[in-house]
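Have a look at the structure below before the remarks.
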Amino acid sequence: MEPVDVFGNVKQGELYSSASTMIDDWYAVEAIDTQTFAINEPKSSQYNTSYLIVGDARAIMFDAGSGERLPGSRSMREVAEQYTDKPITLILSHFHYDHIYDAPTFDGITFIDRPEIRTSIQNGVFTISPWESLDTERRSLKVASIRNQVFAGDFIYRHLGGIIAFAPGSDLVAYKANSARLLQLTNPGTLFLGAHGIPRFGRDWLTLLNSALEKIVRGEAEYRYVAHYLAPGIPWRVHQNGEMSIYTTPLVDPQLFWSRWMLLLLVTVFILSLYVLHRIARLPFAPVQRDE
């Protein structure tokens, strides 16, 4: 079963850095600088980290907690308000359960503008265009549109022993294009702050991802087959690039693996297996005819 240590060099329940301090039984906080705070949940199953970015006029809360906090413990908003008295705007990186739990405690939610999301909202939509900046006075967050991918929160991390790309609809070609684009948008001194595991890492980790995806997309990657704790019993293929592991669906690309044709094939094999078992079960009871 891989990975042996899904959180990298930190154990669940431990602090990832001496700069991070437990503030109660659930949350730990690190001051990245005087106006940026990493709010970590070291006891959560995904070792989540959300971020508070404080400006002069308002603050931005990036993600809203794992939803696994202890009963009676403070919400993500209550923790954030311990570090700022500015109005807080919540931005969700995406809609996985471990990023959205305390969203209802905030006064509004900002997220990516997609047609399926827009149709479900009746009023109060504020559209953020690609490359638009969110100005909090003296501090500015630039929104970059990364096609078909989750930007920032789960786009890249040092969690689960590598990058997981075997979910339905995983598009490794788009992932490669977006990783190359992110390299162009950053420089060697850029600090990356992820959402899982040890949250701080450098651009070299993105470079590893980009080179690994290049090999996969070109069909030059070498694989081994392993079991992964997220999907035990299934032989996932993994490509290793230095310390990074990229897990994908076995034998075929994700789009085919999760397609209707693959589903039809699996159903057909299942039905044929039942038929064969039925015929085998009838064999001992078949009448034996003897020649007179």
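The values are calculated or read from the model by the stated rules, or taken from the named source; none is laboratory data. What you see is a predicted model; the values in this text were computed from it and never measured. Neighbour counts are summed over all protein chains in view; Cβ atoms, including those assigned to glycine, are modelled from backbone coordinates with ideal geometry.
If we keep just the residues of region 72-99 that are modelled with pLDDT of 85 or more and touching a His at 6+ places or on another chain (Cβ under 9 Å), which is farthest from Asp24 (Cα to Cα)? The extreme case among them is Leu92. Of the residues examined, Glu68 is one that is within 15 Å of Ile100 (Cβ to Cβ), acidic (Asp, Glu), free of Cβ contacts under 8 Å to residues at least 40 places away in the same chain and surrounded by fewer than 23 Cβ atoms within 10 Å (Cβ to Cβ). For Ser93, the criteria (1) touching a residue at least 60 places away in the same chain (Cβ under 8 Å); (2) part of a strand (DSSP E or B) hold in every case but one, which is (2). If you filter region 47-64 down to residues that are in a loop (DSSP other than H, G, I, E, B) and touching a Leu at 6+ places or on another chain (Cβ under 7 Å), you find that the one that is surrounded by the most Cβ atoms within 10 Å (Cβ to Cβ) is Asp63.
In the set (1) modelled with pLDDT of 85 or more; (2) surrounded by 10 or more Cβ atoms within 10 Å (Cβ to Cβ); (3) not in a helix (DSSP H, G or I), the condition left unmet by Pro250 is number (1). Only residues that are aliphatic (A, V, I, L, M) and out of contact with any strand residue (DSSP E or B) (no Cβ under 7 Å at 6 or more places or on another chain) were counted across region 55-89, and they come to 2.
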